[in-house]
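Read the structure below first, then the notes.
The values are calculated or read from the model by the stated rules, or taken from the named source; none is laboratory data. Owing to the predicted nature of the structure, the values given are computational and were not obtained by experimental measurement. Cβ: placed from backbone, ideal geometry, glycine included. Neighbour counts: every protein chain shown. With ligands, DNA and RNA removed, areas are computed over all heavy atoms of the protein, side chains included. Shrake-Rupley method; radii C 1.70, N 1.55, O 1.52, S 1.80 Å.
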There are 2 protein chains.
Amino acid sequence: MRMEFYFVTSNKNKLREAQKILNRRLKAINLEIPEMQAVDVVDVVQDKAKRAYEKVKKPLIVEDTGLYIKAWRGFPGALIKWLLWHRGNDGICKMLENEADKSAYAQAAICLYDGKRYKNFIGRVDGSIVLRPRGKSDFGWDPIFKPNGHNKTFAEMSGKEKDSISHRDRAFRKLKKYLDANRS
Amino acid sequence: MRMEFYFVTSNKNKLREAQKILNRRLKAINLEIPEMQAVDVVDVVQDKAKRAYEKVKKPLIVEDTGLYIKAWRGFPGALIKWLLWHRGNDGICKMLENEADKSAYAQAAICLYDGKRYKNFIGRVDGSIVLRPRGKSDFGWDPIFKPNGHNKTFAEMSGKEKDSISHRDRAFRKLKKYLDANRS
């Protein structure tokens, strides 16, 4: 029998994306749980999964994404949302202006937790931070991240193009593989 | 009668400092509580006080400190510890190199929580980030913060000199005033 689980998210696009990749319906649940301070997204999703489980008492998944900048020794990682809210994409480029090495990676982590065991799925895309934001600016740090082997930033790609290589999709595909293998 | 409360900290220096200013003995308690993601230290201390209270069920105080950089629109605030761990003081100076405005403020927040009511005490010191770290490098971002009206960074000051103007001391002195006024 298939395991039923919640997806702890308030984001309808993420829900749609997850359902498509996992090829199943998920129950979305929006819980007001503060995320823990950490650069490592795995720490963030595990802690959130634990706290979410305390509330819903059902198997669930939690997802989070981080941007790891090499010249900053991995900072900000999971804290990127705060840096982005305060500085914007332009500001991040400026802070990195004096660094020759612009390499970075995007990492998504999904934690599946059933009250007993944490199972984490990581999707990673290597790339670099561009000199100035490029493309549409409606989604996070997409305008400043260019995956390796591509000339476009995530924001310059079509939705389909981005989905085919994105860190989040990679993490969800690993989760799918796990669920398939465990017939759950 | 005097209210008894815990100080949630693992830091013996902070405990000593607090006891001196408050002129009373405090029970220190070290709880493994993840801090919430936020730039505002008040958010961090309130959330931590709430979670600590769930564990100890006694009145308690929680303290946290942030560094707010104007050119970065307040970032990193309470997240300074992560930026410091990853980049170090040198790195922070470098990230700020292209900004003409180096002004910043240090802010400490103490939350007193008795299970019913949060009472916050804020201590703030205005200053700026220096071009290069100066002074002994054994305590956080002291080598890069210079309070206004002084030529020395916190790290170049004697302990006594720093205590007389520090954000944390200011917050504790406000707490003392409150406790005295409420005879608690």
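Shielding by partners for peptide B:103-110, expressed as the average number of C-beta atoms from other protein chains within 10 Å of each residue's C-beta, is 0. When peptides B:102-108, B:58-64 are sorted by average Cβ neighbour count within 10 Å, with the highest value leading, the order is B:58-64, B:102-108. Taking every Cα-Cα distance in segment A:1-42 and sorting them into 5 Å bins from zero, the calculated P(r) comes out as 5, 20, 22, 21, 19, 10, 3, 0 percent. Report relative contact order for segment B:6-181 in percent, whole number only (criteria: Cα-Cα under 8 Å, sequence separation at least 6). In percent, rounded to a whole number, it is 20. Summing charges over neighbours of residue B:122, with a neighbour being any other residue whose Cβ is under 9 Å away from its Cβ, gives +3 when K and R count +1 and D and E count -1. Interface residues of segment A:50-96, defined as those with an accessible-area decrease of at least 40 Å² between the chain by itself and the complete set of protein chains (probe 1.4 Å), are A:51, A:72, A:73, A:75, A:79, A:82, A:86, A:87, A:94, A:95.
Within the same chain, aspartates and glutamates fewer than 8 places from residue B:70 are excluded, and of the rest, those with a Cα less than 12 Å from its Cα are B:99, B:101, B:126.
Counting from the shortest, the label point at residue A:124, 7 Å from Cα toward Cβ, is 4.1 nm from the same position in each remaining copy.
Considering only protein heavy atoms, what per residue accessible area in square angstrom results for segment B:6-181 with a 1.4 angstrom probe? Intermediate results must be reported in sequence, preceding the final value.
On the way: 8090 Å² over 176 residues.
With the other protein chains kept in place, segment B:6-181 gives 46 Å² per residue.
Taking the protein heavy atoms of chain B in the context of the full set of protein chains, the accessible area attributed to carbon and sulfur is 48 percent at 1.4 Å.
Annotation for residue A:158, label-to-label distances across the other copies: 7.2 nm (shortest first, one decimal, point 7 Å from Cα along Cα→Cβ). With N counted as the residues of the protein assembly as shown, its alpha-carbon radius of gyration over 2.2 N^0.38 Å works out to 1.09.
Add +1 for every Lys or Arg and -1 for every Asp or Glu among the other residues with Cβ under 10 Å from the Cβ of residue B:155, and state the total.
+2
In this structure, the pairs whose alpha-carbon distance is over 29 Å, taken from A:102/B:50; A:57/A:160; A:146/A:176, are A:102/B:50; A:57/A:160.
Between residue A:31 and residue B:126, what is the FRET efficiency for a Förster distance of 45 Å, r being their Cβ-Cβ separation, to the nearest 0.05? All intermediate terms of the calculation are to be shown ahead of the outcome.
On the way: r = 38 Å, r/R0 = 0.85.
Efficiency for this residue pair is about 0.75.
Picking from B:101, B:169, B:40, which is most flexible by a Gaussian network model of chain B using Cα springs under 10 Å? Of B:101, B:169, B:40, the Gaussian network model singles out B:101 as fluctuating most.
Consider a paramagnetic label point 7 Å from the Cα of residue B:184 along Cα→Cβ; state which residues of segment B:59-77 have an amide N under 15 Å from it. Flagged as within label range: B:59-62.
When a/c is below 1.5 the answer is rounded, else prolate if a/b is larger than b/c, else oblate, so apply that to segment B:113-184 with a ≥ b ≥ c taken from the square roots of the Cα gyration tensor eigenvalues. Could the numbers behind the result be given before it?
Working: a/c = 2.89, a/b = 2.50, b/c = 1.16.
Since a/c reaches 1.5 and a/b is larger than b/c, the shape of segment B:113-184 is classed as prolate.
Tell me, what is the percent relative contact order of segment B:14-87, built from C-alpha pairs under 8 Å that lie six or more residues apart?
Working: 70 pairs, mean separation 17.6, N = 74.
Averaging sequence separation for qualifying contacts and normalising by length gives 24 percent for segment B:14-87.
Inter-part distance, segment A:110-184 to segment B:111-184, computed on C-alpha centroids, equals 41 Å.
Within chain A, the percentage of alpha carbon pairs spaced more than 29 angstrom apart rounds to 22%.
Ranked from shortest, the separations from the 7 Å Cα-to-Cβ label point of residue B:3 to its equivalents in the other copies are 4.5 nm. Net charge in the neighbourhood of residue A:135 (other residues with Cβ under 12 Å of its Cβ; Lys, Arg +1, Asp, Glu -1) is +2.
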